[in-house]
Each structure stands twice: as C-alpha cells, then as structure tokens.
Amino acid sequence: MHSPDLTQDHIARLCELFPGCVTEAKGEDGAVRLAVDFDLLRQELSGTLVEGPQERYQLNWPGKREALLTANAPIAKTLRPCREESVDFDSTTNLFIEGDNLDALKLLQESYLGKVKLIYIDPPYNTGKDFIYRDDFAVTRDEYLLRSNQVDAKGNRLALNAESNGRLHSDWLSMMYSRLRLARNLLSDDGAIFISINHKELANLRRLTDEIFGEDNLLCLFAWRTDGNFDNQAKFKYCHEYVVAYGKNEASFLHPLVVDPSTPPDSKLFRPEIRNTIVKNGPKNPASEVTLPAGFPASAESFEIRSRSDSWPHLRDDVQVSNSKTVRPLRAYSGWSSKDLLDAFIQNQCHEILDAKGQPTVFELTPTGAIEAVKIRGQPSHVISVLAGFGGPQKATADLSEIQIPFDDYPKPVGLIKYIASMIRGADFISLDFFAGSATTAEAILQLNASDGGARRFFLVQLPETCQPTTDAFRAGYKTIAEIGKDRIRRAGKRLLQSGALKDVGFRVLKVDASNLAEVHYAPDAVNQGALEGFTDNIKPGRTAEDLLFQVMLDWGVDLTLPIARQTIQGRDVLFVDSNALAACFDASGRIDDAFAKELATHRPLRAVFRDAGFADSAAKINVEQIFKLLSPSTEVKCL
C-alpha cells in the first residue's frame, strides 16, 4: 500500500540512456540497491574533464575519464570517396572505411544511429605484439605509477601498494571503452555485438561490456575451439578462445534460427513437432489443480482412465475420451511446467496459441493421463556455447592462400563469422566490423548472401597500418593492412560472382580525412589586408564535388551507400543521391541563377545543397531559396 518508488523508476529510465552511470550503493538500511553515479553522469554531460572521488562499485583505471571525454568529443573530419579503389562504386551498398576506427565511428553516428544489426570485432588481444592500436598497452612501471597518482613527479610514493598489473591493461581498456560506447549507439534494439578475445583480457572485457551494454544484456559467452598443434607438452595448453556476445536489448533479440553445425542429422531438433509432458513436480513447480474442459484434445481416438491419486498427475475425475476429445470436464492435480501457457490454451477454446518463441502450440491428454505440449516447430533454433568445427587461424590462413592473399596476423576463419552472422534474424541488415584486418567479415557476409539469396551489407573500418618488411604481405607488394583487406574482398567477390549466386560484391572506399571546409583560427586583429584573399573560398583546395557531397551526406545523416547519379542542368553539374533524397550543385563560378533553380526545383528533392561561391551575390542566394519555397516547399536548402 505504498505509492510507486519514483526514484527507482527514474534510475531505470536513466539506465536506458546511460547504463554506465547506474551502479550499486548501500542505502540507509544497509541494503545494496541501484544508484546513480553522479560523477560519471556529470562527465557524460560535460565537455571538460570532471573529477570525482566518491567510492563505488565499478571498473576503474587511470585514463577512464579521458576515454569518456574522447568518446564524446566532436571531431572536424569527414569521409572522402575513393572511386579508383572501390568496386561498383555507383551501385554497391557496402562500405570500406580506411582510417582510425574511433574517427569512423563518430562520423557514422548521424547516418546509422540505431541501424546496425550485427557488430563483430576482433580487437587487439594485448599480447605484446606491436600493433598500430598499441596492442602492447604496457607502459613502463614508472610511467604507470605517475599517471595513476601512486607517485608524484619526483618519484615519492603516494600509495601504500602499487597495482602490479594495472599498467598492462589501462591503455587497452581506454582504447576499447571509447570505441565500444560509440558502437553501442549504432546498434538497433534487436541487434547484437560479438567480440573475439582470449583469456588474458576476458575478465576486463566482461566488466567493460557489462558497464557499457548492461550485464542483463549478455547473450552468451562462447568458447571457440581453435585448431593447432595441441599434442606438444605444456603445463596448460590453451585450445580455445572466447566470443563475448551482448544484445542492445536482450529482450528484443530474437531466437537465432540456426542449428549448431555439429548437431547430428538424426537429432530431435529436426523433427517437425516438439512433444513434451508438462507434468513437473518440484520446489519450483508447486502442485495446483487445473480443470480441463469437455472437448479438450487427446492424443488417441478413444480411451478411459479411472480417477487416481497414486501417480502424477492425480486425476480427481474419471476420464472418457471419444473422437480424440474428452467427453466431460476433468480435474487434474500436479506441478506444471507450462501452466500459464496451458491456461491460455484453455481460455482460447482449446485452439492453437503461440509460445514465447512464436511456435504454434496445442495441448493433448495422453492415454497415461499425462498432459503434453505439442509445438509445431518452425525453423529450428539451437545455438550452444561451444563453437567447434570451424577451425582456427591456421585454417583461415590456408583459406586466404587459396585466393593468394598473404596475411601473417592470425585471421579468423570465414565459417566462424558466417555462423555468427546467421544468428541474426533476417537477410537484409547492416553488419559492422571496425577492426577489419584481412576483411574476414566481408567474405563471410558475401558467402552467407550467396547461400540464401540475402541482401546483407558489410561496413568495414581498417586503419592503413603499415605492413612490416619481414612479412609475406609486404613481400607480395601490400603496403598496408587496409590494402590486404580490400584486395581480399575483390578476389573473394570475383570467385562468388563466377558461381552466379551474387549480384553485389562491390564496396565503396571512403577515407577518413580532415574536413573539406577551410580552417580559420585568426582573431580579427591578427589578420592583415593581404591575407584576406585567402578567405574568399571556404573550401580547401583540391576537394572535389564528391568530397563535398559525402560531407553533406554525413552532416544530414543520409545513408552513405545510396546510389549517386550525375546530371547536367542549365550547363551545371548536379549530383543526385537516390533520385531525389539529395540534390547537390557545387558550382563555384557564381552562375547559379533563377532559371537553374526553377529547373532543379521541378525534381522536388528532399534536400538541396549549394556552395556559397556558386551565387553571384547575396540577392541571388536569397532568390534561389525563395524559388524553392514556392516551387518545392518540402525541400530543405543548405549552403556550404
């Protein structure tokens, strides 16, 4: 008889926006309950570094607040198209983004917020190898002690016990924290992220992802059985790694319509129906009485059972079945495993209902007196936590050799990623891999589309990390890891095209670069008359119309894979995105006039964009805006 606890309700809603800001704290009664970490919340809403010493249950490390600030800070960058490195640039719906994945994730926020259904990443494992992402995130002991405030600048100890292993993890955690926070924003409500990791960082990754995604959204901790030489002597030989899977919202993530490939063909999973008794006694299933109405279905044409109390279920009335239905009501007493579902079936006049998985379900009384749930199985769903039979890095390297791609850095097997992607419902969704490496994810998506005719899309992000001179890739002529990934997609796509099973094996290459707009940092009193000429054009030299187009698409949140067409109107080039989603004219000669605007307005684009230098004067610019208001009032007009 109390009013609702509004504080806890507010905290629950806050948790949806900022799950990392909800932690545990002791109340006045000593009980541990959910509470808001106001220090962290202030950091979420602040553009500067916020300090906060309050003690709480959380994962913390030197640099965490800087990582949060880094994730939230804006950047003045863009994505520039590169046609010469792309395949089917004008028609493909796939992306290959070359550049720092932190920048790329920020740039994708507007266009793909909540639109990505699958994220798979294979981040650096922090094993000591020198990655460009600083895979060996170990700093010197002295550096770590200073940064974590355990010693002062003169080397005097500030804390009693130095953390002996924190220096091996802090930078790695900072790197992952900012990227995973941005990645979560891109996931759809029914989407999921899968992260490959080994045992050395598993514990930290789990705590990190619990904070970012919420521990209730953990889908599964998979153990991936790798291949390799396991018969040599060792104290403990690791023959598996892990794949950590989280949903954006676990309740919205649908059952995967896939069966573990190691399942034998004669498994009951492949039977058309599932038949199980619901008689189940135990502490979690206290006995209760249910009344089966006359006409309740039976599994045999006719039979009779006398009332009984010596076996389960207890039958408190005699049973008579005719024409596969009970003749009169029957009271049965037992513990039940699906009582709510049985009640719903009875309330539905004993007609078919759907269970939690959406499977058509009926109930039947058997000649033994048991009640069975009979479910018509749709496409089977059976994913187990051990991923076996996909091979390991050795098999993946051998597969790459078949298409003459050298890669020395422990690639993942295509079959593994293909199986993970098949766990996502539907055949038309966006998959993202922002540690693309050799582009295994792209080939897995292409193969999956080839097998079922799907239209899944891949978005890859890879830094142009330099190939070391000692590697096979460098000797084969590849200068960067990004080049390896792009060439792998070309070769794999060509092979799939020859089979005739696919249409889109292309990808648009976009490269992270500084903004197309000129940077002006001078105060008025620091500018002289001679420098003013340099400010007449606000676009950097060398930037093309397509460069400007993609920056506008990013700013407006337009899908970066939409088809682009070029037309000439009144002697001026106009770029049309997806017919009329966006029209762009970046003419800089001051020749955009009323006649041009009137003809362009007849296309009724949703958005229209021009360069400021395209207008002879302010009056011409105002006239064009008014023409659109009159002839195409729904068009949003913008000038660079």
Open item on the list: If I compute solvent accessible area with a 1.4 Å probe over the protein chains, what percent of it on the chain is carbon and sulfur?
Closed with: 50 percent
TODO: Work out Dmax and Rg for the chain from the C-alpha atoms and quote the Rg first, both in angstrom.
DONE: 31.0, 108
Task: Å² of accessible area per residue within the chain, as computed with a 1.4 Å probe and no ligands counted - done: 50 Å²
Task: Ordering of 543-552, 446-455, 276-285 by packing [mean C-beta count within 10 Å, highest first] - done: 543-552, 446-455, 276-285
- [ ] Provide the FRET efficiency to the nearest 0.05 for the Asp189-Gln567 pair, computing r from the beta carbons and using R0 = 41 Å.
- [x] 0.60
Open item on the list: If each DSSP helix of 4+ residues adds -39,500 (n - 2.57) and the sum is divided by the residues in the chain, what number results at 222 nm, nearest 500 deg cm²/dmol?
Closed with: -8000 deg cm²/dmol
Open item on the list: Which lysines, if any, have their Cα less than 25 Å from the Cα of Lys268, not counting same-chain residues under 8 positions apart?
Closed with: Lys280, Lys339, Lys357, Lys375, Lys418
Task: Sorted peptide list for 432-443, 623-634, criterion being average Cβ within 10 angstrom, highest first - done: 432-443, 623-634
Task: Directionally averaged projected area (convex hull, Cα atoms, region 333-440), nm² - done: 11.5 nm²
- [ ] Would you list, by chain and number, the aspartates and glutamates whose Cα falls below 18 Å from the Cα of Lys395, excluding same-chain residues fewer than 8 positions away?
- [x] Asp122, Asp227, Asp231, Glu241, Asp408, Asp409, Glu443, Asp472
Task: FRET efficiency estimate (nearest 0.05) - Cβ-Cβ, Ile11 to Leu517, R0 56 angstrom - done: 0.85
TODO: Just check region 432-525 against the gyration tensor rule for me: Cα atoms, a ≥ b ≥ c as the square roots of the eigenvalues, rounded for a/c under 1.5, and otherwise prolate or oblate depending on whether a/b exceeds b/c.
DONE: oblate
Task: Cubic angstrom per residue, convex hull over Cα atoms of region 215-292 - done: 260 Å³
Task: Kirkwood Rh and Cα Rg combined as Rg/Rh, region 160-290 - done: 1.10
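The values are calculated or read from the model by the stated rules, or taken from the named source; none is laboratory data. Bear in mind that the values here come from a model prediction, so they are computed numbers and not experimental data. Virtual Cβ from ideal backbone geometry, glycine too; neighbours counted across all protein chains shown. Ligands, DNA and RNA are excluded from the accessible area calculation, which covers all protein heavy atoms including side chains. Shrake-Rupley method; radii C 1.70, N 1.55, O 1.52, S 1.80 Å.
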